[in-house]
Amino acid sequence: MSQYLDHNNWSNNYNICVIIPTYNNAGTIKDVIIGVQKYTDNIIVIDDGSTDDTPIIIKSFENLSSVRYEVNKGKGFAIQLGFKEALAKGFDYAITIDSDGQHFPIDIPKFVDTLKDNPGSLIIGSRNIEADGMPSKNTFANKFSNFWYWAETNQKLPDTQSGYRLYPIYLYKKSRFFTTKFEFEIEVLVRSAWSNIKIIPIP
C-alpha cells in the first residue's frame with residue numbers, strides 16, 4: 001500500500017475508491033494509474049471499448065481491478081458501470097479522474113480533506129476556465145453548461161463540465177440516469193441537486 005494510505009488510511013476510513021474511465025488513452029493511462037497509486041490501491045479502471053494499446057497497458061498492472069467491453073458506449077456509461085463495480089466492492093465514495101492526463105492525482109487529498117467536513121457531498125474539482133490558453137469553445141461550452149445547470153436547479157457552480165469529482169455513490173443506488181456520454185456529468189449534477197445532495201466546488 002502507498003505511503004499516503006499507510007499514514008492517513010483514508011480509503012478505509014471513508015470507503016473511497018478511484019474510478020478511471022478510459023477510451024484510447026494509451027499515451028497517458030499508465031502515468032495516470034501510477035499517479036493514483038501513490039495515494040490509494042483502490043482503483044477501478046473502466047475500458048470503454050479501446051482499440052489502441054490501452055487494454056495491454058491496463059493488464060500490465062498487477063492487482064488492478066478493471067472492466068473492459070468491446071464496443072465504445074460513452075463516458076457516462078463507463079462511469080455508471082464504475083459506480084456499480086464500486087458499490088459491489090463495498091465502497092461508499094468514488095473519485096473519478098480522467099485518463100488523458102488533464103487531471104493531477106496530486107489533488108486527490110484535497111477531495112478527501114473536503115469530504116471530512118462534508119460527508120455525503122458531491123465534490124467537484126473546478127478548473128480555472130478563464131486561464132490563458134483555454135480554448136474559447138471550451139470556455140463557451142462551460143458557461144453554457146453552467147447556465148443550464150442554474151436554470152434547472154437555481155444554483156450556481158463555476159465548472160459543471162469538470163470530470164474530476166468525488167461522488168457519494170451510496171446515495172445513487174436507486175438512481176436512474178438517462179444519458180451515457182459526456183452529458184451524464186451534467187445530468188448527475190442536476191439530479192443530485194434535485195435530491196438535495198450538497199455539491200461543493202474546490203479549486
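The values are calculated or read from the model by the stated rules, or taken from the named source; none is laboratory data. All values derive from a computational prediction rather than experimental measurement. All Cβ positions, even for glycine, are placed from backbone atoms using ideal geometry, and neighbour counts span all protein chains on display. Calculation scope for accessible area: heavy atoms of the full protein, side chains included, ligands and nucleic acids excluded. Shrake-Rupley method; radii C 1.70, N 1.55, O 1.52, S 1.80 Å.
Descriptive notes on the structure:
- Ranked order, 65, 50, 175 - accessible area, probe 1.4 Å, largest first: 175, 65, 50
- Here residue 62 sits with roughly 150 square angstrom of accessible surface, probe radius 1.4 Å.
- For residue 69, distant residues with modelled amide H under 5 Å away: 47, 49
- Above-threshold pairs, the threshold being 24 Å between Cα atoms, out of 30/73; 38/143; 73/156: 38/143; 73/156
- Residue 186 sits with roughly 30 Å² accessible to a 1.4 Å probe, with DNA, RNA and ligands left out of the calculation.
- Charge dipole of the chain about the Cα centre (unit charges at C-beta), most positive-ward option of 199, 35, 111: 199
- For segment 67-117 and segment 36-65, distance of Cα centres in Å: 12
- Among 148, 194, the order of accessible area from largest down is 194, 148, computed with a 1.4 Å probe on protein heavy atoms.
- Of the residues 184, 178, 61, ranked by 1.4 Å probe accessible area with the largest first, the sequence reads 178, 61, 184.
- The chain, relative contact order [Cα under 8 Å, separation at least 6], %: 23
- Karplus-derived HN-Hα couplings along segment 97-113 (A = 6.51, B = -1.76, C = 1.60, θ = phi - 60°), whole Hz, x at Gly and Pro: 9, 5, 9, 8, x, 7, 9, 9, x, 4, 7, 3, x, 5, 5, 5, 4
- For the chain, a crude dipole built from +1 on the beta carbon of Lys and Arg and -1 on the beta carbon of Asp and Glu, taken about the Cα centre, is about 640 debye to the nearest 20.
- Taking all protein chains as they are arranged and a probe of 1.4 Å, the heavy atoms of residue 195 leave approximately 80 Å² accessible to solvent.
- As a fraction of the 1.4 Å probe accessible area of the chain, surface on carbon and sulfur atoms comes out at 51 percent.
- Spin-label proximity, residue 198 to segment 152-183 - amide N less than 14 Å from point 7 Å beyond Cα toward beta carbon: 168
- Solvent-accessible surface of segment 29-108, taken per residue with a 1.4 Å probe and all protein chains present: 46 Å².
- Expected 222 nm ellipticity per residue - DSSP helices of 4 or more, -39500 (n - 2.57), all of the chain, to 500: -11500 deg cm²/dmol
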